[in-house]
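What follows is calculated from the coordinates using simple rules that are stated; it is not laboratory data. As the structure is a computational prediction, the values presented were derived from the model and not from experiment. Please note: Cβ atoms are built from the backbone with ideal geometry, for glycine as well, and neighbour counts cover all protein chains shown.
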Amino acid sequence: MAAAIADEKRLAAQVDQEKKSAGDWERRAVLAVQEGRDDLAKQALLRHNEHAQGAVQLHETWVKHREETEKLKLSLRQLNDRIEEAKRKKNILIARAETRRGAQADSGNDVLDRRQERVRDV
């Protein structure tokens, strides 16, 4: 679970980094145009597009991974709920068994007490 959450965070950071890089290359393209360097502007726009597409692809991967992580979290919560329910049932069964044993011991003591009274009466 921890690895899935860490991967999700890592993917989100990569998306942000790709977006930042795309923005940086776009600014470089604008500066190149302002300086009359169309060749550099074209290269910068190509790099911008590469990073923008990378951001889109990583974002799609991140969304899928986030959905899977949420499913894992839900499954883990359900498993923990089942474990807690099993523990509660176990404790109830133990308490019932102890109550039965106590009742049987009491009834056994009652039988012994009655026998002792009979012996005294004789």
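Which whole-number percentage describes the relative contact order of the chain, with Cα contacts under 8 Å and a sequence gap of 6 or more? Please list the in-between numbers first.
On the way: 61 pairs, mean separation 33.0, N = 122.
Relative contact order of the chain: 27 percent.
Can you give the Rg/Rh ratio of the chain, where Rg is from the C-alpha atoms and Rh is the Kirkwood radius? Don't skip to the answer; put the middle values down first.
On the way: Rg = 36.4 Å, Rh = 20.9 Å.
Ratio of gyration radius to Kirkwood radius: 1.74.
Dipole of region 2-121, Cα-centred, from +1 at each Lys and Arg C-beta and -1 at each Asp and Glu C-beta, to the nearest 20 debye? Don't jump to the answer; show the numbers that get you there.
Numbers: 26 positive and 23 negative charges, 156 e Å.
Magnitude of the dipole: close to 760 debye.
Along the charge dipole of the chain, Cβ charges K/R +1 and D/E -1, which of Q53, Q43, L11 sits furthest on the positive end?
L11
I need the calculated FRET efficiency for the pair Q78 and I5, taking r as the beta carbon distance and R₀ as 25 Å, to the nearest 0.05.
Here the calculated transfer efficiency is 0.90.
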